[in-house]
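Student: My structure is below; once you've seen it, I'll send some questions.
A short reminder: the numbers here are calculations on the coordinates, not readings from a lab. On a predicted model such as this, the values are computed, not experimentally measured, just so you know. All Cβ positions, even for glycine, are placed from backbone atoms using ideal geometry, and neighbour counts span all protein chains on display.
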Amino acid sequence: MRFGSAGSINLRGLREGRIANCLLSVCYGVSVCQKEIDCAHMRVALREAGKAVGLTSPNPPVGCVIVKRGKIMSRGHHRRAGGPHAEIEAMKDLKAHALKGSTIYVTLEPCSSQGRTPPCVTAIKRSGISRVVYGSRDPNPENKGRAGRILCRQGIKVEGGVLEEHCDALIRPWSKFISTGMPWVIAKAATSLDGALTRPGNEGQWLTSEASRADAGKLRGEVDAILIGAGTLRKDDPALTLRDRAALRRGKGQPLRVILSRSGRLPKKAQVFTDDHRDSTLVYSNRSLRAVLKDLGARHDCASVMIEGGGKLLGDAFAKKLVDEVCLYIAPILCGVKGVPLVGAALPASRELLQPSVKRIGKDLRLRGLVSTD
Ligand code: AOF
Ligand code: ZN
C-alpha cells in the first residue's frame with residue numbers, strides 16, 4: 001500500500017514527544033498545526049493498519065494509535081475477525097491515568113454496534129479519552145456515521161475524514177464486500193509484451209523473472225482466495241500456496257484455493273488435492289463465475305479473491321465486468337499469435353485501468369490499477 005510521505009512534520013520527533021509546540025502554529029495559527037499533527041499521527045495508524053491487510057476478513061484492516069501531549073503512547077491493529085478491534089488493542093496496555101485526556105487516532109470510524117465484539121465507542125466513552133480522530137467513515141450500515149453523534153454527546157471531540165483517501169484505499173476491498181456481499185476481485189497475470197500468457201512450443205511455463213514471481217507471491221498475502229480454471233490446473237499443476245515469509249510471519253493463513261471446472265473431472269494427483277493444505281481447496285463444477293464469487297463471499301467470508309488464470313477464466317471475468325483490480329507482470333519478450341491471450345474473450349467495449357502504478361522489477365514491469373466501472 002502507498003501511504004505517501006510523512007509530510008512536513010518530523011514523525012520521529014512526534015513519536016518521541018519532542019514536538020511540544022509546533023512552529024507552524026506561530027505562522028498559521030493552531031488549527032493548521034493541529035491538522036498537520038493529526039495527519040502525521042494518522043500516517044502511523046495507517047502503517048499499523050497495513051499490518052492487518054489480508055488477516056481480518058470478513059472484517060476490515062484497521063490501525064490505531066493513542067497520543068498524549070504529542071507522544072505516541074501505544075499502537076494497535078485488528079488481527080482477526082472475532083478478536084479485539086484496533087482501538088481495544090491500542091488501549092489494552094494503557095492504565096486509566098495514561099488514557100485520560102489522550103487522543104485516539106483510528107483509520108476507520110469506531111464501531112457503535114454489538115458484533116462479535118462489543119462496540120468500541122462504549123470502550124472509548126469509559127476510557128477518559130478526550131478526542132477521537134478517524135479516517136474513513138464506516139460503510140457498514142450498522143455503524144455508518146453514528147460514532148460522532150454518540151461520542152459528541154459525551155463531550156468527546158470528534159474529527160472525521162483525516163487522510164480519508166488513504167484510509168478509504170486501504171479498506172477498498174472490504175468496502176465493496178460489506179456493501180454488496182461480493183468479494184473484491186484482482187486479476188493477476190504474467191504476460192509477454194504482446195499480451196500472451198504462454199510461450200511458444202516447449203519453452204517452459206515461466207515468462208517473468210523469479211523476482212516478479214516472488215512479488216506476485218506477496219500479493220497472495222493480501223487475499224482470501226485464489227481462483228484458477230481447470231485448464232491451468234491440468235497444464236501447470238500449481239501449488240497456489242502462500243510462501244511469502246513476511247505475510248506468514250504476520251499470521252496470514254493459507255488462502256482458499258478455488259478451482260472452476262465445467263466437467264468436474266480433475267487430476268486427483270494434482271498438488272492442490274494432495275498437499276498439506278488440501279483441506280483448503282474448493283472445486284466448483286458448472287457454476288457461473290458470478291455465482292462462485294457470491295458463494296465465496298456468503299459462505300466462506302472471502303472479502304477479496306485473486307484470479308490467477310488462465311485466459312478463459314480471466315476473459316470471462318473481464319467480459320462479465322467482475323474484475324476490480326489488475327496486477328500484470330509484463331516480460332520483455334514477444335510470443336506471437338499462437339500464445340494464449342490475456343483476455344480470452346471478446347469484450348463489448350475496451351476497459352481502462354484507473355490510477356495505474358508502474359514498478360520495474362528486474363527486467364519486468366509490474367502494472368497495477370483499478371478497472372473502470374463503466
Ligand atoms: C473498528 N475497529 O478494528 C474494526 C472495526 O463483529 P465485530 O465486533 O468484529 O464488528 C465488525 C464490524 O466492526 C465491521 O463490520 C466494521 O464495521 C467494524 N470494524 N471497527 O472500529 C476495528 N475491525
Ligand atoms: Zn470497534
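Student: Counting other Cβ atoms within 10 Å of each Cβ, which trypsin sites (Lys or Arg not before Pro) in region 73-153 have at most 14 and sit in a DSSP loop?
Tutor: Filter output for region 73-153: Arg80, Lys92, Lys95, Lys100, Arg116, Lys144.
Student: Quick one: which of Lys218/Lys312; Lys252/Lys312; Lys312/Lys338 span more than 26 angstrom between C-alpha atoms? Can you show the working numbers first?
Tutor: On the way: Lys218/Lys312 24 Å; Lys252/Lys312 29 Å; Lys312/Lys338 15 Å.
Violating the 26 Å Cα-Cα cut-off are Lys252/Lys312.
Student: Moving on. So how far, in whole Å, is the C-alpha centre of region 62-124 from the one of region 315-374?
Tutor: 40 Å
Student: Roughly how many debye, to the nearest 20, is the charge dipole of the chain about its Cα centre, given +1 on each Lys and Arg Cβ, -1 on each Asp and Glu Cβ, and no other charges?
Tutor: 780 debye
Student: With contacts defined as alpha carbon pairs under 8 Å and 6 or more residues apart, what's the relative contact order of region 63-122 in percent?
Tutor: Working: 99 pairs, mean separation 20.9, N = 60.
Relative contact order for region 63-122 comes out at 35 percent.
Student: Additional query: Which whole number of Å³ per residue matches the convex hull of the alpha-carbon atoms in region 270-312?
Tutor: Dividing the Cα hull volume of region 270-312 by its residue count gives 107 Å³.
Student: Using helices alone, what [θ] at 222 nm do you get for the chain, with -39,500 (n - 2.57) per DSSP H run of 4 or more residues, divided over all residues and rounded to the nearest 500?
Tutor: -8500 deg cm²/dmol
Student: From the phi of every residue in region 356-373, what ³J(HN,Hα) in whole Hz does the Karplus formula 6.51 cos²θ - 1.76 cosθ + 1.60 yield, where θ is phi - 60° and glycine or proline is x?
Tutor: Here the 3J(HN,Hα) series is x, 10, 10, 10, 8, 10, x, 8, 9, 10, 10, 10, 10, x, 8, 8, 4, 8 Hz.
Student: Here is a follow-up. Quote to one decimal, in nm, the extra length available between Ala298 and Asp236 on full extension: 0.36 nm per residue of separation minus the C-alpha distance between them.
Tutor: Full extension of this stretch gives 19.4 nm more.
Student: Assuming R0 = 30 Å, what is the FRET efficiency of Glu165 and Glu210, from their Cβ-Cβ distance, to the nearest 0.05?
Tutor: Efficiency, rounded to the nearest 0.05: 0.30.
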